[in-house]
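Working notes, beginning with the structure itself.
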Amino acid sequence: MIHQTQKNVIRVRIHKRIRHKLRGTAERPRLAVYRSVAHIYAQVIDDAGGTTLASASSVDKASKTNGGNVAAAKVIGKLLAERAQAKGIKQVVFDRGGYRYHGRVKALADAARAAGLEF
């Protein structure tokens, strides 16, 4: 019997491969995306210092979103860009977290770009 590999195991393996090449610094932190079935989360992380500089999610009260759909991802991307710019962050490295650059992940990235973050 052939065992089918779970999708999350594959995603984690891809994410580890991406993270091997990708590092966030104080000058150019990493914008990390996590996508669950019901919500979407994003953080701006300084890997050198090991700190989260800004974060936004569809669970936040300030986001006023209903779930983790594409519309919510756009709101989260814009909110995260505003919070990052308030802390003086203009450029980030985008970490898609092993997810395909499609749908909610792409909507979040496009909204963050439109709000002024540079990738």
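Results, tabulated for the structure shown:
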item: Residues satisfying the stated conditions in region 5-34, i.e. part of a strand (DSSP E or B), out of contact with any helix residue (DSSP H, G or I) (no Cβ under 6 Å at 6 or more places or on another chain) and crowded, with 20+ Cβ neighbours inside 10 Å; result: Leu31, Ala32
item: Looking only at region 10-61, and only at residues there that are polar (S, T, N, Q) and touching a residue at least 12 places away in the same chain (Cβ under 8 Å), the one that is nearest to Phe94 (Cα to Cα); result: Gln43
item: Subset of region 91-119 (residues that are open to solvent by 70 Å² or more (accessible area, probe 1.4 Å) and closer than 21 Å to Ser63 by Cα); result: Arg96, Lys106, Arg113, Ala114
item: Conditions (1) more than 12 Å from the chain's Cα centre (by Cα); (2) in contact (Cβ under 8 Å) with a residue 12 or more places away in the chain: number failed by Gln6; result: (2)
item: Among the residues listed as Ala42, Ala71, Ala56, Ala48, the single one being surrounded by fewer than 17 Cβ atoms within 10 Å (Cβ to Cβ), within 22 Å of Val12 (Cα to Cα) and in contact with a Ser or Thr (Cβ under 8 Å, 6 or more places away or on another chain); result: Ala48
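The values are calculated or read from the model by the stated rules, or taken from the named source; none is laboratory data. Because the structure is predicted, anything quoted here is derived from the model rather than measured. Note: ideal-geometry Cβ built from the backbone for every residue, glycine included; neighbour counts use all protein chains shown. Side chains included, ligands, DNA and RNA excluded: accessible areas come from the protein's heavy atoms. Shrake-Rupley method; radii C 1.70, N 1.55, O 1.52, S 1.80 Å.
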